Amino acid sequence: MKKILTIAALVLCSTVAFSQQNAFTGNVSSRAKAMRMMAFGREEYMIKDIKVYTDTMTVYSLSNHVIYPLGVWESMEQYITDNQLHWYRESDYRKYFDSMEVSVNRMKRLDDSYLDMFYSIWTRKVELLGGRINDPEVVLANGIRVGMLKDDVFKVFFKKYPKSYTADVQVLKVISGAGEVAEIYTFKGQKLRHIKFETAYKYY
């Protein structure tokens, strides 16, 4: 009986100690953390929701900044000229709705960075279909580039935030309101390792 009481006392002490530790360190659930981060979102990004799952934070934004991460351009030539970077350019045709074909330009850098873009007859703008950026010379319209400190990347989207909320985040996904564009920022340690763009465009 003494042995059972001793074990029960140890379990109780461990539970209390764990609860006190959580209270002391300010640990909160992923959902509570996401809700608190919402309050720190920058107005220009119009953040409507945030989800945190393991090492990934997903931010849903209503801003056009997400749809046009490279800026708004009327032609590929305009983008190349303005940025003054050398790109290798390839063109091909891709199907939409299994019956339409559009001309897609793949812009490549020597380090395997690439951007897939096409000119839309509906928006009269260059639309981004996908890409991956490894090159720190390529700068997004919001100033983000590969090699930046993780804290500086988060400061683009949030005015301020508890550093503990992003300590475990290794992937930041910023997704447009309708889910058609996703910017994926992957970190290695405290630095931005690469950027990916994924889209779900099904029209031209």
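Contact map, the range 114-142: residues that are polar (S, T, N, Q) paired with residues that are open to solvent by 60 Å² or more (accessible area, probe 1.4 Å) and in a strand (DSSP E or B), Cβ distance under 9 Å, separation 6+ or inter-chain. Pairs shown: N134/R193. Residues that are touching a Phe, Trp or Tyr at 6+ places or on another chain (Cβ under 7 Å) and open to solvent by less than 90 Å² (accessible area, probe 1.4 Å) within the range 51-68 comprise V59, S61, S63, listed in sequence order.
Scanning the range 91-125 for residues that are at pLDDT 90 or above and over 25 Å from H194 (Cα atoms) turns up R124, K125.
Taking the options K108, K155, name whichever one is charged (D, E, K, R) and over 17 Å from Q170 (Cα atoms).
K108
Does at least one position in the range 133-153 carry a residue that is of a type in the set (D, E, K, R) and in contact with a Ser or Thr (Cβ under 6 Å, 6 or more places away or on another chain)? For the range 133-153, residues of a type in the set (D, E, K, R) and in contact with a Ser or Thr (Cβ under 6 Å, 6 or more places away or on another chain): present.
For D112, the criteria (1) under 30 Å from E43 (Cα atoms); (2) out of contact with any Ser or Thr (no Cβ under 8 Å at 6 or more places or on another chain) hold in every case but one, which is (1).
The residues in the range 158-189 that are open to solvent by less than 40 Å² (accessible area, probe 1.4 Å) and polar (S, T, N, Q) can be counted, and the count is 3.
Condition check for L70 on (1) farther than 16 Å from F158 by Cα; (2) at pLDDT below 90: one failure, at (2).
The set of residues from the range 143-199 being farther than 25 Å from D111 by Cβ, part of a strand (DSSP E or B) and not aliphatic (A, V, I, L, M) comprises F158, S176. Across the range 115-136, which residue is farthest from G147 (Cα to Cα) among those that are open to solvent by 20 Å² or more (accessible area, probe 1.4 Å) and in contact with a strand residue (DSSP E or B) (Cβ under 7 Å, 6 or more places away or on another chain)? Selected residue: Y119.
The values are calculated or read from the model by the stated rules, or taken from the named source; none is laboratory data. The model shown is predicted, which means the values in this text are computed figures rather than measured ones. Positions of Cβ are backbone-derived with ideal geometry, glycine not excepted, and every protein chain shown enters the neighbour counts. Quick note on the areas: whole protein, heavy atoms, side chains included, nothing else; ligands and nucleic acids left out. Shrake-Rupley method; radii C 1.70, N 1.55, O 1.52, S 1.80 Å.
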